[in-house]
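Comments concern the structure below.
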Amino acid sequence: MRLSLILALTLSISASAAVRRPTDELSRYRTEVMEMGARLSTLEKEIGSKNNLYLSSIEQIKQFEGDIKLYREALKKKQVEVLAAQVENKRILKNYLLESENDTTEPWQRKVHLELLKQAQSKLKNKETELASFQTKVAEFDVKLVDLRKNEEELSQVIQELEARKKTAMETYLTKVEKKKKMESVVQTKKLEKRIAVVKKEMSAAPIIEKKPDRIFHRPVDDYLSFTASPKGVTFKYQSAQPVKAVGGGKVVFAGDLAAYGQVVLIDHGNDLRTVLLGKMNVRVKKNDSVQDGDILAYTLNDTQEPQNLYFEVRKKNTAQNTILWLEQTGVSKI
């Protein structure tokens, strides 16, 4: 594989990846996730608003309970004052009646006792008026407190209902997010399969030189299920993650991905010989690194239950060779 071909594929993949639209099903899942997210956000705001009202209601209740306590204490004092005024009024009235019945009492004395009686009655009336005012105020506070407590209970019930709706919405949201992720994985896999098909088609169009190999290379992986030899490259099918080794000494001239559709490692072995590795790998080398025969270049990846492919190709003067002829017999012992 020529480096220019790799770079061209990288650019073409980057340009076309943004053009492809997701499937209708994935689009629907994404829309549903966005809608559920908006509903959750609305519920959060509504719950926050109701919580603020609930806290304000509790604060009002505390304030009214404090005010009622003060008014009740003042009411008790007024009741004591009224009781004392009643006792005083009775005493003065009794003295006045006794002085009125006494023939020896002077008129001015009767007048004084009458004036004292009027003052006592006026004082009693004022105390009774104040007592009635405090009783009315306390009764109003009691009614207001009952209303506030009723409002608090209603707000508490509303908040509980909203929390229950939020819990249900969250469960639905998480389910839809999981479905979206699975569908994204399916779509991504289909894109990868199509991209690999395009890469193979473009690579197959390059000329193939059939001639005796200049040297023999080792296999890049040890643990593989089987392999398929095309007129150019060899595809190893593997199941488990394992090291991908350099098939000979040389210099890394390219190490990177093809727009997230696969990793590529290109090594220059000198004498116009290069080897190419393409597949799902965790690349451990970088451009310009020097490697020796058997050095670990990457590790294969497999996050599914299905076998994966690792493509290997030998190129001479940027022309694809019949790679199977360049591999030692022990490297293809599973033929």
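The values are calculated or read from the model by the stated rules, or taken from the named source; none is laboratory data. This is a predicted model, so every value here is computed, not measured. Cβ: placed from backbone, ideal geometry, glycine included. Neighbour counts: every protein chain shown. Ligands, DNA and RNA are stripped out before the accessible areas are found, and what is left, the full protein with its side chains, is counted by its heavy atoms. Shrake-Rupley method; radii C 1.70, N 1.55, O 1.52, S 1.80 Å.
Some observations on this one:
- The range 47-176 shape via C-alpha gyration tensor axes, a/c threshold 1.5: prolate
- Subtracting the Cα-Cα distance of K137 and R215 from their residue separation scaled by 0.36 nm leaves 17.3 nm.
- Gain upon complete extension [V112, S226; 0.36 nm per residue less C-alpha separation]: 28.0 nm
- Full extension of the segment from L53 to A164, taken as 0.36 nm per residue of separation minus the current Cα-Cα distance, would add 38.1 nm.
- Whole-Å distance, taken between Cα centres, linking the range 210-242 and the range 97-148: 116
- The range 26-160, relative contact order in percent, only Cα pairs under 8 angstrom and at least six apart counted: 42
- Accessible surface of the range 71-168 [probe 1.4 Å, protein heavy atoms]: carbon and sulfur percent: 53
- Carbon + sulfur, % of accessible area of the range 269-314 - ligands and nucleic acids excluded, 1.4 Å: 40
- An oblate overall shape is assigned to the range 212-290, the ratio a/c of its alpha-carbon gyration tensor axes (a ≥ b ≥ c) being 1.5 or greater and a/b not exceeding b/c.
- Rounded if a/c under 1.5, otherwise prolate or oblate - the range 239-283, Cα gyration tensor axes: oblate
- Dividing the mean sequence gap of close Cα pairs (under 8 Å, 6+ apart) by how many residues the range 257-330 holds gives a relative contact order of 29 percent.
- Using a simple spin-label model with pseudo-atoms 7 Å out from Cα toward Cβ, N126 and E88 lie 1.0 nm apart.
- Part-to-part distance (alpha-carbon centres) for the range 160-192 and the range 269-320, which is given in Å: 38
- On the beta carbon distance between Q79 and L40, with R0 = 51 Å, the FRET formula returns roughly 0.35.
- Inter-label distance, nm, simple model (7 Å from Cα along the C-beta direction), Y299/K251: 2.9
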